[in-house]
Amino acid sequence: MKKLILITLIIALCSCAFAGLFEENQFLEAELNLAKKPNIYFVFDLEKKMVEIKVRGTTLREFPIEGVRLWGSPPVVSYSKLIKKTALLKPKRKEIKPKKEKDSDEEQDTFQIEALELKDMPSSYKLLFDNGMRLLVSPKPEGFFGWIAHALRTTLWYVVRPLESAINMLLKRPFYALRIEVSKDDARRIYWAFPEGNEAILYNP
Amino acid sequence: MNKGRLISILLVFFILFMAVEGIGYFVAFKGSPSEGKGKMPSQSQLKAKNQRLIAALRGLSPKGIHIVVDTAENILLLKNGDKVIRRAVVSSGSGNVLEDPTGKRVWIFDTPRGEFKIESKAKNPNWIKPDWAFIEEGEDIPKSFKDRVEEGVLGDYALGFGKGYFVHGTLYTRLLGRNVTHGCVRVGDEDLKVLYETVPIGAKIYLF
């Protein structure tokens, strides 16, 4: 009996190790594909609970993931392109009005910065990828209103996701969603650094 | 409409809604997609393959002197391999938009993202003002080249990284740390001198 338990345990450990190697292999293959290009790419690593901004296989910056929620069955490694960023309060670029005449010195002293900066970025938004993945980024709830917003987002998650699943099934499109919580500032940094058209890897071992 | 009929209609809608929700739940969690239908390699083969992939990724990573610019935080890192040699507060693109009054051209003043390389280095550089600089100032675009040349606005040095973008100095040091440029990376005098002296032509610059 003891032998049987031991053999079963060894088989289980071997298959776990093999599965781990296979998943790592898929991830490395996907990353090597992206690292060969001169573009910035993102890795959403659910094992390390980290969002990484990378180029050429090197991490430029990383942000800890404070919470994860998954909808559907995403593959272990999914490799996709960001096609759209949506947010309730999307930052708008400021349009420069050409000057009518040269500013006086007095006007230059009262110069106001008109620019899109990190503080203008949303902290709650949705990233849509070309493989059907929806990635919702939201800030870790803080304070009374933060928790209210968090409760609303969670309720919406369980109401909207099934509808999206059903619609995408009818349209024969793949669909799965992921919601990550990061700090408010990190959410803004991710929005800033992730332009539409850039690629990302989701690693979900 | 009587009360009973309204309740019936609401009930039908509720049942339909719940049915769709139920289908959505079923579709989402009915099972994982099948993986690896081909012939599976052995454990030792996989280990060796992964080691090769890790080595290939390491081979791509930046080596030697290179620059990393975080445009969100307006921070520039001068690096030698993994080691940070110098950290500088910079100014990068404002993200503003300028339209040519004729409506034919639009400029978006973002700092480009990705991997570039230092293509040129210049001491006491002149600024060759592009069309947008005249349009922004409400001036006519000059026909002669010499009317585009402006001295002293780019600081003591400039490092070009392609498509008209430079790492250069600034007269507006109080704006370092803010997103105020037309896409170039502005650096303070001391940091710029170090960059000019340390970074060779051909070195990589990574902007994100």
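Of note:
- Distance between the pseudo-spin-label points of B:Asp147 and A:Ile10 (7 Å out from Cα toward the beta carbon): 8.8 nm.
- Helix A:143-170 axis, angle to chain A major axis (alpha carbon atoms, nearest 10°): 60 degrees
- Highest-fluctuation residue, B:Gly103, B:Gly22, B:Gly177 considered, GNM on chain B with Cα pairs under 10 Å: B:Gly22
- A:Asp130-A:Leu171 FRET efficiency (beta carbon distance; Förster radius 22 Å; 0.05 resolution): 0.90
- Isotropically averaged projected area of the protein assembly as shown, using the convex hull of Cα atoms (one quarter of hull area), nm²: 32.1 nm²
- Look at A:Arg189, A:Arg173 and count the other Cβ atoms within 10 Å of each Cβ; fewest to most, that gives A:Arg173, A:Arg189.
- Ordering of B:110-119, B:88-97 by packing [mean C-beta count within 10 Å, highest first]: B:88-97, B:110-119
- Per-residue [θ]222 nm for chain A (sum of -39500 (n - 2.57) over DSSP H runs n ≥ 4, rounded to 500): -13000 deg cm²/dmol
- Placing R0 at 22 angstrom, the Cβ-Cβ distance between B:Asn80 and B:Glu190 gives a FRET efficiency of 0.75 after rounding to 0.05.
- Extension gain, B:Lys163 to B:Asp140: 0.36 nm times the residue separation minus the Cα-Cα distance gives 6.0 nm.
- Cross-link check: pairs B:Lys47/B:Lys204; A:Lys184/B:Lys204; A:Lys84/B:Lys79; A:Lys36/A:Lys81 evaluated at a Cα-Cα cut-off of 24 Å; pairs beyond the cut-off: B:Lys47/B:Lys204; A:Lys184/B:Lys204; A:Lys84/B:Lys79.
- Distance between the range A:15-48 and the range B:56-96 - C-alpha centres, whole angstrom: 24 Å
- The range B:49-208 has equivalent-ellipsoid semi-axes of 31, 18, 15 Å, by the square roots of 5 times the alpha carbon gyration tensor eigenvalues, sorted largest first.
- Considering only B:Gly188, B:Gly160, B:Gly59, the mean-square fluctuation computed in a Gaussian network model of chain B, springs between alpha carbons under 10 angstrom, is largest for B:Gly59.
- Neighbour-count ranking [beta-carbon atoms within 10 angstrom, fewest first] of A:Val160, A:Val137, B:Val180, B:Val84: B:Val84, A:Val160, B:Val180, A:Val137
- Around B:Val153: net Lys/Arg minus Asp/Glu count, Cβ-Cβ under 11 Å: 0
- Relative contact order of chain B, pairs being alpha-carbon contacts under 8 Å that are 6 or more residues apart, as %: 24 percent
- Folded to 0 to 90 degrees: helix B:3-29 orientation relative to chain B principal axis, Cα: 60 degrees
- Residue-span extension gain [B:Val106 to B:Asp131] - 0.36 nm each, minus C-alpha spacing: 7.9 nm
- B:Ala19-A:Thr154 FRET efficiency (beta carbon distance; Förster radius 22 Å; 0.05 resolution): 0.45
- The mean of 1/r over all distinct Cα pairs in the range A:72-205, once inverted, gives the Kirkwood hydrodynamic radius of 17.5 Å.
Quick note: the coordinates plus some simple rules give every number you see, no bench work behind them. It should be emphasised that the depicted structure is a prediction, and the values quoted were computed from it without experimental measurement. Neighbour counts are summed over all protein chains in view; Cβ atoms, including those assigned to glycine, are modelled from backbone coordinates with ideal geometry.
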